[in-house]
1. Have a look at the DSSP beta bridges in the chain and tell me what percent are antiparallel, nearest 5.
2. Find how much the distance from SER69 to LEU109 grows on full extension, using 0.36 nm per residue of separation minus their present alpha carbon separation; answer in nm with one decimal.
3. Using a 1.4 angstrom probe, figure out how much accessible area the chain has per residue, in square angstrom, rounded to the nearest whole.
4. What is the chain's relative contact order, in percent, from Cα pairs under 8 angstrom and six or more apart in sequence?
5. Summarise the accessible area of the chain (1.4 Å probe, protein heavy atoms) by the percent that is carbon and sulfur.
6. How big is the dipole moment of the chain about its Cα centre under a simple scheme where the beta carbon of each Lys and Arg is +1, that of each Asp and Glu is -1, and everything else is neutral? Debye, nearest 20, please.
Amino acid sequence: VQLQAYGGGLVQPGGSLRLSCAASGTIFSINTMGWYRQAPGEQRELVAAIISGGSSKYGDSVKGRATISRDNAKNTIYLQMNSLKPEDTAIYYCNLFQQVRSYWGQGTLVTVSS
């Protein structure tokens, strides 16, 4: 399984960004895909996750500002984040969980700064 992330970069406070992550390889129909992030000196935390059936959950720090969606036909997830804050600055990692195994993408840096 490989996960390829797209998006990220420098965003101004109050701005928006859209991340996407495409999974390839042996992907089972039942899985959970999501985004986690890790800021310097901090633990990795959940941003948002979505199961193949469509149910989703969000980390407390992004609730109301983030929307996760997925295209099962493309094995791709999308994360839309609005009202970005400097504390959203982190490396964002894509994750796929299936058949009791967890896979991680290489991470994409998001910097929120003026």
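The values are calculated or read from the model by the stated rules, or taken from the named source; none is laboratory data. It should be emphasised that the depicted structure is a prediction, and the values quoted were computed from it without experimental measurement. Positions of Cβ are backbone-derived with ideal geometry, glycine not excepted, and every protein chain shown enters the neighbour counts. Side chains are part of the model used for accessible areas, which takes the heavy atoms of the whole protein and leaves out ligands, DNA and RNA. Shrake-Rupley method; radii C 1.70, N 1.55, O 1.52, S 1.80 Å.
1. On the way: 40 of 43 bridges.
Antiparallel bridges make up about 95 percent of those DSSP assigns within the chain.
2. On the way: separation 40, 0.36 × 40 = 14.40 nm, distance 2.02 nm.
Full extension from SER69 to LEU109 adds 12.4 nm.
3. Working: 6180 Å² over 114 residues.
Ligands and nucleic acids excluded, the figure is 54 Å² per residue.
4. About 37 percent, as a whole number.
5. Working: 2950 of 6180 Å².
Accessible surface attributable to carbon and sulfur in the chain totals 48 percent.
6. Working: 10 positive and 6 negative charges, 41 e Å.
So the dipole magnitude of the chain works out to roughly 200 debye.
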